[in-house]
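K.L.:
Once you've had a glance at the structure underneath, I'll fire off some questions.
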Amino acid sequence: MGEKVYELRRIKKEGKGMPLIGDEFPKMEVKTTQGMMKLPKVFKGKWFVLFSHPADFTPVCTTEFIAFQKRYEKFRELNCELIGLSVDQVFSHLKWIEWMQENLDTEIEFPVIADTGEVAHTLGLIHPAKATNTVRAVFIVDPEGIIRAILYYPQELGRNMDEILRMVEGLHKVDHEGVAVPANWPENELIGKGTIIPPPNDVETAKTRKEKYKCFDWWLCYREE
């Protein structure tokens, strides 16, 4: 067991392990369709969603780019930017973006990272059974550059953009109000649009919780919205 722990620490220290929730997003300089950018510095003070896709000019990816663009303003209202990534060169990204504008009447306004594989390997995005193709991954990063959520999808399954929006909005509420959000929030089956109050840390707080909040029991209390 000790050797395994040591090896995991060594891999992490050398930057070979994929980043995890709660880690700082790895510092890197990337080439994008909107020029060179330093991550996460370029988005300092903002949330951002980095999403990888297997390759340009693929059907599912095309539907995802259109879906992200259709919701781009909603992400921006949450102080959140979008940035895509796949192991393709910038000219391929540019041609694909041009195709979507000409054929689907949609202008892709967010940047897309052109990668030779280094960025994808750093983030643990290479699909093990698909050569250099990247998996459908989503990193949600907060204004301090901390990874707050990670999602992975198989190549054949397109992402649910409304869920990603919900996650960003929910994380805003968690940070600003010190609460937790229930399943299917904001339409939870038990508490509707309500949010969950964190568990008490002492006996006295446990005793008084029912006076302040709606409770099923002292350990399950919520605030109505």
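The values are calculated or read from the model by the stated rules, or taken from the named source; none is laboratory data. What you are looking at is a predicted structure, and each value in this text was computed from that prediction instead of being measured. Cβ atoms come from the backbone with ideal geometry, glycine included; neighbour counts cover every protein chain shown. To get the accessible areas, we keep the full protein, side chains included, count just its heavy atoms, and leave off ligands, DNA and RNA. Shrake-Rupley method; radii C 1.70, N 1.55, O 1.52, S 1.80 Å.
K.L.:
Past the 21 Å Cα-Cα mark, which pairs from Lys193/Lys214; Lys38/Lys173; Lys44/Lys173; Lys44/Lys70? Working shown, then result.
P.N.:
Values: Lys193/Lys214 13 Å; Lys38/Lys173 28 Å; Lys44/Lys173 19 Å; Lys44/Lys70 24 Å.
Lys38/Lys173; Lys44/Lys70, as the Cα separations exceed 21 Å there.
K.L.:
Whole angstrom only: what separates the Cα centroid of segment 143-164 from the Cα centroid of segment 165-179?
P.N.:
Measuring centre to centre over Cα atoms gives 15 Å.
K.L.:
Another one. Can you tell which of Ile83, His93, Ala120 lies farthest toward the positive end of the dipole of segment 53-182, using +1 and -1 charges on the Cβ of basic and acidic side chains (Lys, Arg; Asp, Glu)?
P.N.:
Ala120
K.L.:
To continue, here is another question. Set Lys and Arg Cβ to +1 and Asp and Glu Cβ to -1, take the dipole of the chain about its Cα centre, and tell me which of Met36, Thr208, Pro54 lies farthest positive.
P.N.:
Toward the positive end, the furthest listed residue is Thr208.
K.L.:
For segment 66-98, which chymotrypsin sites (Phe, Trp or Tyr not before Pro) are in a loop by DSSP, counting at most 12 other Cβ atoms within 10 Å?
P.N.:
Those that pass, being in a loop and sparsely packed, number zero.
K.L.:
Heavy-atom accessible area of His176 with all protein chains present, probe 1.4 Å, nearest 10 Å²?
P.N.:
The accessible area comes out at roughly 150 Å².
K.L.:
Under unit Cβ charges (Lys, Arg +1; Asp, Glu -1), what dipole magnitude, rounded to 20 debye, does the chain have relative to its Cα centre?
P.N.:
Working: 30 positive and 35 negative charges, 135 e Å.
In total the dipole reaches around 640 debye.
K.L.:
First compute the accessible area of segment 29-79 with a 1.4 Å probe, then give the percent of it belonging to carbon and sulfur atoms. All intermediate terms of the calculation are to be shown ahead of the outcome.
P.N.:
On the way: 1350 of 2480 Å².
Answer for segment 29-79 is 54 percent, counting heavy atoms of protein chains only.
K.L.:
List, in order, the whole-Hz ³J(HN,Hα) value for each residue of segment 204-212 obtained from phi through the Karplus relation with A = 6.51, B = -1.76, C = 1.60 and θ = phi - 60°; use x for Gly and Pro.
P.N.:
Per-residue couplings from phi come out as 4, 4, 4, 6, 9, 4, 5, 7, 9 Hz.
K.L.:
If you don't mind, there's one more thing I want to ask. Rg and Dmax of segment 67-225 over Cα atoms: what are they, in angstrom?
P.N.:
20.4, 64
K.L.:
Next question, about the same structure. Could you tell me which chymotrypsin sites (Phe, Trp or Tyr not before Pro) in segment 173-225 are loop residues by DSSP with no more than 16 other beta carbons within 10 angstrom of their beta carbon? Could you put the intermediate results ahead of the total?
P.N.:
Details: sites: Tyr213, Phe216, Trp218, Trp219, Tyr222; in loops: Tyr213, Trp218, Trp219.
Passing both the DSSP loop test and the Cβ count: Tyr213, Trp218, Trp219.
K.L.:
Rolling a 1.4 Å sphere over the protein heavy atoms, what is the accessible area per residue of the chain, to the nearest Å²?
P.N.:
Per-residue value: 57 Å².
K.L.:
Considering only the other residues whose Cβ falls under 14 Å of the Cβ of Leu39, what net charge follows from Lys and Arg at +1 and Asp and Glu at -1? Could you put the intermediate results ahead of the total?
P.N.:
Working: positive: Lys27, Lys31, Lys38, Lys41, Lys44, Lys46; negative: Asp23, Glu24, Glu29, Glu81, Asp115, Glu118, Asp142, Glu144.
Around Leu39, the charge tally is -2.
K.L.:
With a cap of 16 neighbouring Cβ atoms within 10 Å, and only residues DSSP puts in a loop, list the trypsin sites (Lys or Arg not before Pro) found in segment 51-146. Could you put the intermediate results ahead of the total?
P.N.:
Values: sites: Lys70, Arg71, Lys74, Arg76, Lys95, Lys130, Arg136; in loops: Arg71, Lys130.
Answer by residue number: Arg71, Lys130.
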